[in-house]
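Visitor: Before I ask anything, let me first share the structure, which is written out below as structure tokens.
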Amino acid sequence: MGLFLWAGMALAVVLISLAKGFNVDLFSFLFGSITTVTIRDLVYILILAVVVIGVIIALYNPLFSTSFDEEYAQASGIKPKNFNIIIVVLAAVTISACIRIVGMLLIGALMVIPVLTAMQFARSFKQTLLLSVVFSLLSVVSGLFLSYYFDIASGGTIVLVAFGVFIIGLFFKD
């Protein structure tokens with residue numbers, strides 16, 4: 001149900017951007033706009049991406065254990081509370097890095113839909129993690145390309161591409 005909520009919201013954003021029915025500043029903040037992204041933002045996104053990937057690689061096992069089963073993590077000597085905080089901080093950093101491109105209202109969709117798509121094909125947590133990154137990048141690059149050439153909202157376009165990849169994946173899963 002949540003998947004269709006995000007897809008419906010993304011479609012509404014794209015349709016509203018085609019009709020030019022929103023104040024540009026409000027529209028950009030809520031739903032994303034590639035035109036608001038500066039070189040400084042790109043450097044910021046790159047630095048944060050390196051930090052997030054580095055933390056995930058360095059702390060993969062305890063993060064996995066905490067995400068999968070907190071009781072098991074605690075029995076293994078891991079402090080789940082600390083790693084839950086790390087997970088929340090990583091999510092917050094990711095959101096802050098992407099908010100200008102995707103927009104405040106659609107960022108949740110970009111964090112959920114690629115993971116749901118990856119779960120259709122992955123056989124492990126690590127495969128799900130890697131495939132979700134691939135599907136996210138595919139959605140972002142394709143969505144930005146389409147939004148630029150059709151002059152429509154980048155956030156809504158990115159989420160619609162992610163939703164389209166999910167739907168296509170339904171036909172190709174085992």
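The values are calculated or read from the model by the stated rules, or taken from the named source; none is laboratory data. The structure presented is a predicted model; accordingly, all values stated were derived computationally and were not measured. Quick reminder, even Gly has a Cβ in these numbers, built from the backbone with ideal geometry, and neighbours come from all protein chains shown. Note: areas computed on protein heavy atoms with side chains; ligands, DNA, RNA excluded. Shrake-Rupley method; radii C 1.70, N 1.55, O 1.52, S 1.80 Å.
Visitor: In region 65-93, which residue that is out of contact with any helix residue (DSSP H, G or I) (no Cβ under 6 Å at 6 or more places or on another chain) and under 18 Å from Leu130 (Cα atoms) is most open to solvent (accessible area, probe 1.4 Å)?
Guide: So the residue we want is Phe68.
Visitor: Which number in (1) closer than 15 Å to Val14 by Cβ; (2) of a type in the set (Phe, Trp, Tyr); (3) surrounded by fewer than 21 Cβ atoms within 10 Å (Cβ to Cβ) marks the one condition that Phe121 misses?
Guide: It is condition (1) that Phe121 fails.
Visitor: Condition first: among the charged types (D, E, K, R) and part of a loop (DSSP other than H, G, I, E, B). Now tell me which residues in region 121-174 satisfy that.
Guide: Arg123, Asp151, Lys173, Asp174
Visitor: Within the group Phe171, Phe166, which residue is on the phi < 0 side of the Ramachandran plot, at pLDDT 85 or above, among the aromatic types (Phe, Trp, Tyr) and open to solvent by less than 40 Å² (accessible area, probe 1.4 Å)?
Guide: The unique qualifying residue is Phe166.
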